[in-house]
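Read through the structure below, which is laid out as structure tokens, and then see the notes.
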Amino acid sequence: MLVPKYTITNAILKNIGVIDASREVIINAPLIPAWEAKFKKEAIERTVHHGTHLEGNGLTNEEVKDVLDGKEVLARDRDIQEIINYRNVLKFIDLIAEQMQHSKKYNFTLETLLKIHAITTDKILHPDSSGNFRMAQVVIKNAETGQISYMPPPAAEVPFLVEDLINWINDDETKDLHPVIKAGIIHYEISRIHPFLDGNGRTGRAAATLVMFLDGYDIRKFFSLEEYFDENPMDYYVTLQTVSNQLVLDTHERDLTPWLEYFVKGVAIELNRVKEKVKRVSTDARIKNKLGAQIELNERQMIIMEFLHRHGSMQNRDFRKIFPDYSDDTVLREMRFLKKKGLLKKVGGTKKARYTLS
């Protein structure tokens, strides 16, 4: 059976701490339903956009949103189909996670993995290849030089390697691993084995996300594993390939530590981003409790309220520091809105005005 080799470094420990601290804030933050739905929708949009863009899809973020909203977009049929497919993959892993919540037995199956791939490549690959292991040798080439950068295992070994991985996922000892480390190993192994003709990256990231969900790390479904990877795709692919190309006699001797450091750091950065947004929006919930009514604040208004909660007051000179990209008139308009709603009050004259929470 698979026995991954890696070391829990200080960098990994530090970022696991960031992940767990962010998770606690996110899952315990009081959010009104409108913001809950908004964050979930944004996470789906970001996951679909970055997850497909990472694999070469040319649609912009706005075009992806239009496709997901059912609007017509002028683009290649394949690009549009990839967006639809990955949205359907996220629906599928949500369904699987919900079904597993009602069962005490943790079980990640081969059928689940093949189904994820079948949905990922629906109407893109030939039906004989969609949801089925590759039957031929494939190579990963450098897009610029044409040189082979990675040679995956022979096709004949794929079923046995995947079976090893699934047995490892369901093993009792593996269940004690931190969910993010486990997800990172799953992602790496699917990329290394490269079990399919196409769609291995999306399938690997979806499988890793599903296992995090099954281990209680759905984190309100506000996060996207893909955005961090897509910010610098070269780092993503080079880190994967550097580990896979290690010269060892046995593939199980490859040291996954560099990949896990990279993966865990990415999850930490993503969850910290989500945490900061949730903290600002939590101000909205506190306002609801205070006023007895729901007021949905925009991003700038939430930042103002969060600043006041942290610092107690704000002056005009703070505008530039908080909102370097907006004019003073724009910020004053937001202040007047909050003042009208009874959320803050103005003390002093125009030039030396100071704003505090009501």
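The values are calculated or read from the model by the stated rules, or taken from the named source; none is laboratory data. Bear in mind the structure is a predicted one, so any value in this text is a computation, not a measurement. Neighbour counts are summed over all protein chains in view; Cβ atoms, including those assigned to glycine, are modelled from backbone coordinates with ideal geometry.
Structural remarks
- Members of the range 238-253 found to be over 26 Å from the mean Cα position of the chain (by Cα) and within 26 Å of ALA143 (Cβ to Cβ), listed by number: ASN245, GLN246, LEU247, THR251
- Cβ pairs under 9 Å, 6+ apart, first in the range 132-159 and without any contact (Cβ under 8 Å) to a residue 24 or more places away in the chain and more than 19 Å from TYR237 (Cβ to Cβ), second among the basic types (Lys, Arg) and surrounded by 15 or more Cβ atoms within 10 Å (Cβ to Cβ): ALA155/ARG134
- Subset of the range 166-184 that is among the hydrophobic types (A, V, I, L, M, F, W, C) and surrounded by 24 or more Cβ atoms within 10 Å (Cβ to Cβ) - its residue that is nearest to TYR237 (Cα to Cα): ALA183
- Condition broken by ASN85, with the remaining ones in (1) under 24 Å from LEU260 (Cβ atoms); (2) out of contact with any His (no Cβ under 8 Å at 6 or more places or on another chain); (3) modelled with pLDDT of 95 or more; (4) not hydroxyl-bearing (Ser, Thr, Tyr) satisfied: (1)
- Hey, ARG273 modelled with pLDDT of 90 or more, of a type in the set (Lys, Arg) and either in a loop (DSSP other than H, G, I, E, B) or within 22 Å of LYS40 (Cα to Cα) (or both) or not: yes
- GLY51 falls short of the stated requirement of being at positive phi and in the same structural domain as VAL267 (by TED's automatic domain parsing).
- Residue match in the range 52-64 (condition: in contact with a His (Cβ under 7 Å, 6 or more places away or on another chain), in contact (Cβ under 8 Å) with a residue 12 or more places away in the chain and surrounded by 17 or more Cβ atoms within 10 Å (Cβ to Cβ)): yes
- Residue within the range 70-86 that is closer than 17 Å to PHE222 by Cβ and buried (at least 17 other Cβ atoms within 10 Å of the Cβ) present: no
- Test: residue in the range 162-172 that is more than 19 Å from ASN88 (Cβ to Cβ), more than 26 Å from the chain's Cα centre (by Cα) and at pLDDT below 95: yes
- Considering the range 232-245, the residues that are farther than 12 Å from GLU55 by Cα and touching a helix residue (DSSP H, G or I) at 6+ places or on another chain (Cβ under 8 Å) include one that is surrounded by the most Cβ atoms within 10 Å (Cβ to Cβ), namely LEU240.
- All conditions in (1) under 23 Å from LYS221 (Cβ atoms); (2) at pLDDT 80 or above hold for SER327, with the sole exception of (1).
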